[in-house]
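Enquirer: This structure is in structure tokens; I'll ask about it shortly.
The values are calculated or read from the model by the stated rules, or taken from the named source; none is laboratory data. None of these values were measured; they are calculated from a predicted model. All Cβ positions, even for glycine, are placed from backbone atoms using ideal geometry, and neighbour counts span all protein chains on display. These accessible areas exclude ligands, DNA and RNA; they are computed on the full protein's heavy atoms, side chains included. Shrake-Rupley method; radii C 1.70, N 1.55, O 1.52, S 1.80 Å.
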Amino acid sequence: MLKSNARVEEAIAVYRQVRARVPETPELLSNLAVALADNGEIGEAVSLLRRSLALDPGHAAVRSNLVFTLNSDPAATPDDIAREQREWQARHG
């Protein structure tokens with residue numbers, strides 16, 4: 001994954017450039033989402049992770065990233081987080 005704490009904004013820019021040029025993949029969207037979350041852009045990160053799961057509902061790493069990111073999302077309710085945790089457990093546990 002192209003990012004380090006000192007280069008999060010650069011990573012976001014690169015992922016956005018790649019996304020504009022190639023078909024979306026769950027991994028690309030998830031990597032961009034994680035970088036955005038690291039940059040405090042939680043809402044957009046959650047949206048991208050959900051888009052990634054729409055492409056591949058069984059992608060364990062993406063669903064894990066969603067559960068983790070929801071824990072930082074002030075808009076996410078405890079029920080939202082619990083629902084995604086149960087979904088992860090049902091698919092990957």
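Enquirer: Checking residue 63 against (1) at positive phi; (2) crowded, with 22+ Cβ neighbours inside 10 Å, which test does it fail?
Expert: Every listed condition holds for residue 63 apart from (1).
Enquirer: Continuing with the same structure: Looking at segment 58-93, which of its residues are touching a helix residue (DSSP H, G or I) at 6+ places or on another chain (Cβ under 8 Å) and outside any helix (DSSP H, G or I)?
Expert: Within segment 58-93, 58, 59, 71, 72, 73, 74, 75, 76 qualify.
Enquirer: Scanning segment 11-31 for residues that are among the polar types (S, T, N, Q) and under 15 Å from residue 64 (Cα atoms), which turns out surrounded by the fewest Cβ atoms within 10 Å (Cβ to Cβ)?
Expert: Here is the first cut: in segment 11-31, the ones among the polar types (S, T, N, Q) are 17, 25, 30-31.
Now restrict to residues that are under 15 Å from residue 64 (Cα atoms): 30-31.
On the way: 30: 27, 31: 24.
This residue is 31.
Each row is one residue, and each column tells you yes or no for (1) among the hydrophobic types (A, V, I, L, M, F, W, C); (2) under 26 Å from residue 82 (Cβ atoms); (3) in contact with a Leu (Cβ under 7 Å, 6 or more places away or on another chain).
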{"residue": "14", "(1), (2), (3)": "yes, no, yes"}
{"residue": "19", "(1), (2), (3)": "no, no, yes"}
{"residue": "24", "(1), (2), (3)": "no, no, yes"}
{"residue": "37", "(1), (2), (3)": "yes, yes, no"}
{"residue": "49", "(1), (2), (3)": "yes, yes, yes"}
{"residue": "55", "(1), (2), (3)": "yes, yes, no"}
{"residue": "61", "(1), (2), (3)": "yes, yes, no"}
{"residue": "64", "(1), (2), (3)": "no, yes, no"}
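Enquirer: Shifting gears a bit: Return the total of residues in segment 32-57 being open to solvent by less than 60 Å² (accessible area, probe 1.4 Å), within 23 Å of residue 93 (Cα to Cα) and part of a helix (DSSP H, G or I).
Expert: Final tally of qualifying residues: 5.
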